[in-house]
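Read the structure below first, then the notes.
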Amino acid sequence: MEKYLAIDIGGTDVKYAIIDREGHQWVLNKMRTVTTSLAAFVTQLQRLVDHYQDEISGIAISVPGRVQHPTDRIDFGGSLPFLNGVCLADELTAVVPIVVENDGKAATLAELWHGELKAVNNGLVLVLGTAVGGGLVLNHQLVRGDHDQAGELSFMTSGSQFTPQLMYGSQGSAVAMIETIAETIHLASRDDGPAVFDALTAGNQEALAIFTTFCRRIATLIQNVQTLVDVHTVVIGGGIAAQPLVTQTINTELDQLRLASPLMAATLSRPHVVTSHYQSRANLYGALYQLLLTTNAIKVGQLS
């Protein structure tokens with residue numbers, strides 16, 4: 001059975017897994033991302049590749065920043081600016097194919113392969129994290145756009161200007177929401193997500209007010225996209241999606257938006273809003289799906 005090394009590169013951690021063509025996971029682990037330089041970072045990845053070289057048939061990598069296809073060159077490295085202009089297949093030494101995909105698009109591809117969009121023609125994936133990533137699916141195909149930048153939802157504005165404060169990368173930041181609640185209710189750490197959700201579950205009114213505003217913003221983003229492309233399903237992803245309260249409250253706020261606008265509710269169908277099947281592992285599976293498609297190991301819509 002062919003197995004593959006899937007790597008999800010983030011600004012804080014590098015997650016990696018060994019996954020086979022059927023989507024079975026054999027290894028799952030992570031390590032802190034080396035951020036000092038490109039050379040040190042590549043050395044870190046090369047050690048990982050060397051460790052699994054003899055048991056894998058390919059390497060699939062999810063990265064922040066735009067990825068130009070078919071060259072797989074990274075433009076804008078997001079939290080890792082030294083990746084700008086880099087083609088990781090040229091930097092790494094391997095005897096197997098290497099494919100690179102943008103993290104938001106990888107999350108979307110995962111849902112297309114074995115997740116919530118596998119039987120859906122038109123869908124949207126929202127990855128809630130530091131900003132808002134994701135991807136758009138039309139006619140059961142990932143939409144890339146002319147410049148490989150379709151689905152960059154963080155750059156949509158919630159107002160009439162495109163200032164960073166008004167863009168959804170800020171307005172819809174799950175990280176900023178957690179930090180704001182932590183500061184407001186005087187937690188010891190600004191990034192203590194579990195403690196924040198403990199407070200929400202316990203009914204802390206200050207925390208709930210901030211959280212509900214966040215979910216209302218995401219619901220507004222969903223309705224705006226729905227107005228343009230009319231999707232069947234919206235998938236909520238990112239680490240925060242592991243908390244059932246997130247998708248539940250986004251659904252509640254979407255219903256409230258529609259109740260407040262009878263004309264919109266009567267004219268536009270409501271999308272189904274569901275939690276990601278893979279959650280924090282989505283980028284690993286989506287990058288692998290892109291590798292399998294690129295190397296013709298499977299065809300679009302084929303499960304294995």
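Every number in this text was worked out from the coordinates using simple rules, so none of it is lab data. Please read all numbers here as calculations on a predicted model, not as lab measurements. Here the Cβ is made from the backbone with ideal geometry for all residues, glycine too, and neighbour counts use every protein chain on show.
Considering only beta bridges that DSSP places wholly inside the stretch 50-185, some 70 percent are antiparallel. For the chain, complete DSSP H runs whose alpha carbons reach 27 Å or more along their own long axis and whose mean Kyte-Doolittle score is 0.5 or higher are 205-229.
Of S62, S173, S269, the sequence from fewest to most neighbouring Cβ atoms within 10 angstrom is S269, S173, S62. Cβ-to-Cβ counts within 10 Å put T180, T295, T43 in ascending order as T43, T295, T180, the fewest first. Ordering 160-171, 237-248 by mean Cβ neighbour count within 10 Å, with the highest value first, yields 237-248, 160-171. Each listed q (0.11, 0.27 Å⁻¹) maps to a log10 I(q)/I(0) for the stretch 55-133, found by the Debye formula over equal Cα scatterers with no solvent: -0.34, -1.22.
Using alpha carbons only, how many angstrom separate the centre of the stretch 163-181 from the centre of the stretch 207-230? Each part's Cα centre sits 13 Å from the other's. Here the alpha carbons of the stretch 116-276 define both size measures, Rg and Dmax, at 15.8, 47 Å. Loop-located trypsin sites (Lys or Arg not before Pro) in the stretch 195-304 (DSSP state not H, G, I, E or B) with no more than 10 neighbouring Cβ atoms inside 10 Å: K299. The Rg/Rh ratio for the chain is 0.97, where Rg is the radius of gyration of the alpha carbons and Rh is the Kirkwood radius. Could you tally the net charge around L124, taking each other residue with its Cβ under 12 Å from the Cβ of L124, Lys/Arg +1 and Asp/Glu -1? Charge balance in the 12 Å sphere: -3. Evaluated with a Cβ-only charge set (Lys, Arg +1; Asp, Glu -1), the chain carries a dipole of roughly 400 debye about its Cα centre, given to the nearest 20.
Note on the chain: antiparallel DSSP beta bridges, both residues inside, total approximately 60 percent of the bridges counted. Hey, with R₀ at 25 Å, roughly what FRET efficiency would Q141 and R270 work out to, going by the Cβ-Cβ distance, to 0.05? In this case the efficiency is close to 0.60.
Counting every other Cβ atom within 10 Å of each residue's Cβ, W26, W113 order from fewest to most as W26, W113.
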